[in-house]
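See below for the structure under consideration.
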Amino acid sequence: MTDRYAVFGNPVAHSLSPAIHAAFARQTGQDLAYEAILAPRDGFAAALRAFAAAGGSGANVTLPFKEEAWRLADARSARAEAARAVNTLRFDAAGLFGDNTDGAGLIADLCRNLGFDLSGRSVLLLGAGGAARGALLPLLDQSPARLAIANRNAQRAAALAAEFSARLPAKGRVRLDACGLDALGAEAFDLVIDATSAGLAGAPPVLPGGLFSRDSLAYAMIYGQPAEAFLAFARAHGAARCADGLGMLVEQAAESFHLWRGVRPETASVIERLRERSA
Ligand code: ATR
């Protein structure tokens, strides 16, 4: 029997996840179907239960349900706990197992696809919401020399840095600090990651120009047109390389696929095809 999976979101019609998982299934010979399900904003839990009751095997969860999925999970991975958000659910006999593959997807894209070694580098993470939180521990695990969190609301950045500072001893000598966006500008970073939702709202974060050096990588965790304003700003202010989050999207999907099926799909060709499709 064909196993069923789905991505739940609102909105979700734009999601590339069905195409990505269909490509993974073809490539690995796995018998599965994957659909997009639009859940009402106040009806995610009911929609998820209905899908599980109808024989679903697992789900991806996107905005705005990742925190609710974390609350609904009966058991969670360590990385889901750190992120306090779940983007992948596996329906086990014992209940819902929640994982978060976003951070692993980001690291795979940075390190493998873009060849950016984070070890000893300086990283600026823009934003202090759910996306930034999910990226923090995976980034710290790569042993950068410095990780600065900058957010429009400086207090939110400080709270996030304080929370994750408590985890630092095991992660080596990372200098972790926080500030408001308005305090940036005096220092350039090797890697600048936009983890804000500003691009999705059509307005990039207001940033000073001096954040990028001649070998900086600017990375947007969102992809396509909404990422463009930040990346164009980075390009105009001297960033050597720019990347949107399409690779991260495919890599987090591969990690979910692995959790569900025990098989790791090849990602490069899938990323390439999606890029061609959107070009
Ligand atoms: P997500 O789950 O996508 O991270 P979120 O938790 O609502 O969403 O967080 C949104 C992030 O984008 C926050 O860091 C927010 O900054 P504030 O904490 O100051 O609100 C940031 N953000 C949203 N719009 C922004 C804008 N126009 N300029 C700068 N930062 C913005």
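Miscellaneous remarks
- Å³ per residue enclosed by the Cα convex hull of the stretch 103-244: 92 Å³
- Pairwise centroid distance, computed over Cα atoms, of the stretch 165-240 with the stretch 123-154, Å: 9 Å
- Secondary structure note: in the chain, about 20% of the DSSP beta bridges are antiparallel.
- Mean accessible surface per residue for the stretch 7-59, computed with a 1.4 Å probe while every protein chain stays in place, in Å²: 45 Å²
- Placing R0 at 30 angstrom, the Cβ-Cβ distance between residue 117 and residue 67 gives a FRET efficiency of 0.40 after rounding to 0.05.
- Taking the longest Cα principal axis of the chain as reference, the axis of helix 268-278 is set at about 80 degrees.
- Ligands, DNA and RNA left out, the accessible area of the chain computed with a 1.4 Å probe is 52% carbon and sulfur.
- Mean shadow area of the stretch 63-138 over all directions, Cα convex hull, nm²: 5.7 nm²
- Peptide ranges 72-82, 105-115 listed from the most packed, as the mean C-beta count within 10 angstrom indicates: 105-115, 72-82
- Peptides 231-241, 184-194, ordered by how many other C-beta atoms sit within 10 Å of their residues on average, highest first, read 184-194, 231-241.
- For the stretch 128-279, the solvent-accessible area of protein heavy atoms averages 46 Å² per residue (probe radius 1.4 Å; ligands and nucleic acids excluded).
- Crossing angle, helix 246-261 versus the chain [Cα axis fit, 0-90 degrees, rounded to tens]: 40 degrees
- Among 24-36, 249-261, the order from most to least packed when residues are scored by Cβ within 10 Å on average: 249-261, 24-36
- Helical runs assigned H by DSSP (4 residues or longer) give the chain a calculated mean residue ellipticity at 222 nm of -11000 deg cm²/dmol, each run adding -39500 (n - 2.57) before division by the residue total.
The values are calculated or read from the model by the stated rules, or taken from the named source; none is laboratory data. Everything quoted here is computed from the prediction, not taken from an experiment. Please note: Cβ atoms are built from the backbone with ideal geometry, for glycine as well, and neighbour counts cover all protein chains shown. What goes into the accessible areas is simple: the full protein's heavy atoms, side chains included, and nothing from ligands, DNA or RNA. Shrake-Rupley method; radii C 1.70, N 1.55, O 1.52, S 1.80 Å.
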